[in-house]
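Student: Here you go, one structure.
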């Protein structure tokens, strides 16, 4: 009889523990209010923390002033309104003040990008994403060495990538194929990977499966798209076929793991969060 009582007590104790854990988990999962999101976003802009790196806190505050709910299209509209002003100003300054025009295009691109963040899951966010691409390519016109938009035929569609090669490169150069993560895009990678050009290394940035302008969704066979990108890179006469590396960002990097074994001349594969091959 005593053992039965002890067993019942233990069961009740375990059930209480489960209920308490579920209650705490529910509290942790509580969705933030729009006011809490505003406070956190402005703070991240002030300290230069992802995903607001490079955004002006004043611009972020101005955008949020017209956003009263968590509606996706309202969010996008708030950031597009501020970004549009910089984009229009940039166009008017291209000839008279190209330096200021370029700075305005960068500012517009970052605001449009956060307008579609984390993914363009509504008509408004999709429009903000399209404007982000437009602003980024306007900014890219100021690049030296220049940016080449490449269109790689793929299963009746095309893979769009951004290629930059070192200035005054002598002979075929090494190349890094850069693949974005879930909420970043090839435009973000292009901006950051410009830092390797002075070292005589080029790069080709593409959107990973299921993101950006990629023509296919994430699947068990999505790595075939990245294999096609590798083939394209190896076909470029400016690229050293024996010195091609690939870099993936966070979880989308797993889609490219399968490429490593099949690519004969892929010398290195790195991930920003998981592994190095």
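Student: Residues that are over 19 Å from residue 236 (Cβ atoms) and part of a helix (DSSP H, G or I): does the range 174-190 have at least one?
Tutor: yes
Student: What's the number of the only condition in (1) within 17 Å of the chain's Cα centre (by Cα); (2) crowded, with 20+ Cβ neighbours inside 10 Å that residue 174 fails to meet?
Tutor: All conditions pass for residue 174, except number (1).
Student: Which of the numbered conditions does residue 155 fail, given that it passes all the others? Conditions: (1) in contact (Cβ under 8 Å) with a residue 40 or more places away in the chain; (2) surrounded by fewer than 22 Cβ atoms within 10 Å (Cβ to Cβ); (3) in contact with a helix residue (DSSP H, G or I) (Cβ under 7 Å, 6 or more places away or on another chain).
Tutor: (3)
Student: Find all pairs meeting these conditions: Cβ atoms under 8 angstrom apart; at least six residues apart or on different chains; first residue within the range 125-151 and at positive phi and touching a residue at least 60 places away in the same chain (Cβ under 8 Å); second residue buried (at least 19 other Cβ atoms within 10 Å of the Cβ) and part of a helix (DSSP H, G or I).
Tutor: Listed by first residue and then by second, the contacts come to nothing, as the list is empty.
Student: Also, quick follow-up: Filter the range 216-233 for residues that are over 16 Å from the mean Cα position of the chain (by Cα) and either surrounded by 15 or more Cβ atoms within 10 Å (Cβ to Cβ) or touching a residue at least 24 places away in the same chain (Cβ under 8 Å) (or both) and give the result.
Tutor: Hits for the range 216-233 are 216, 222, 223, 224, 225, 226, 227, 228, 229, 230, 232, 233.
Read the figures in this text as sums done on the coordinates, not as results from a lab. Computed from a predicted structure; not experimentally measured. Glycine gets a Cβ as well: all are built from the backbone with ideal geometry, and neighbour counts include every protein chain shown.
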